């Protein structure tokens, strides 16, 4: 147990350059507190003490702003950066070395029964505000860009962006987790740029038509 707790602290120092001391991390990192509370709640959940498990998870939600259902299965070295607004559903399965940023939702898509929440395989990163919904799988080593909404399975070693989420990088090799969110492709910006070019082209055509009519009027 103590080895697992130390791993949870160590991963904070690896992922967060703002972490300065063990005391600071242990006392002030809400993501770490939420993970530890979940491990306790999940123990009671597995032993069918569902009410006690839910009480622990709700107390943790109140103090940390992070809601993790006690039924969720979470692997080793899980890291939640900042964490406010993170929601993890009951049937989620999260592998090892997974990182979530604030505002991430791992949720369902309706009232379906059984496995209804996502599976995140090892070494997955889900960036700020992303929503991963339904019983889908995010493949090992993949990344979900900030603000994306993912509704379909994602192959391993891929980068997904947009609404709905689309794979924009898949090169068959593991992608490092230390990437800059602003470097991701922006499909919305691409569409806006295309529309601006079309508008500029239409303006030029209108201007030419005005000049042609003006010449015709002068000729008369």
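The values are calculated or read from the model by the stated rules, or taken from the named source; none is laboratory data. Just so you know, these numbers come straight off a predicted model, no measurement behind them. Note: ideal-geometry Cβ built from the backbone for every residue, glycine included; neighbour counts use all protein chains shown.
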What residue, among those in segment 113-128 that are farther than 19 Å from residue 42 by Cα and out of contact with any strand residue (DSSP E or B) (no Cβ under 7 Å at 6 or more places or on another chain), is surrounded by the most Cβ atoms within 10 Å (Cβ to Cβ)?
123
Quick one: in segment 103-112, which of the residues that are assigned to a loop (DSSP other than H, G, I, E, B), surrounded by fewer than 22 Cβ atoms within 10 Å (Cβ to Cβ) and in contact with a strand residue (DSSP E or B) (Cβ under 8 Å, 6 or more places away or on another chain) is modelled with the highest pLDDT?
108
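Here is a yes/no grid of residues against (1) assigned by TED's automatic domain parsing to the domain that holds residue 100; (2) free of Cβ contacts under 8 Å to residues at least 40 places away in the same chain; (3) part of a loop (DSSP other than H, G, I, E, B):
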site	(1), (2), (3)
24	yes, yes, no
34	yes, no, no
42	yes, yes, no
51	yes, yes, no
60	yes, yes, no
71	yes, yes, yes
76	yes, no, yes
Restricting attention to segment 77-90, does a residue exist that is modelled with pLDDT under 85 and either more than 23 Å from residue 117 (Cα to Cα) or within 24 Å of the chain's Cα centre (by Cα) (or both)?
yes
Condition check for residue 82: touching a residue at least 40 places away in the same chain (Cβ under 8 Å), touching a strand residue (DSSP E or B) at 6+ places or on another chain (Cβ under 8 Å) and assigned by TED's automatic domain parsing to the domain that holds residue 6:
no
Which of the residues belonging to segment 85-99 are free of Cβ contacts under 8 Å to residues at least 60 places away in the same chain and outside any loop (DSSP other than H, G, I, E, B)?
87, 88, 93, 94
Filter the strands (runs of 3 or more DSSP E) completely within segment 117-220 down to those with at least 3 residues that are modelled with pLDDT of 90 or more.
131-133
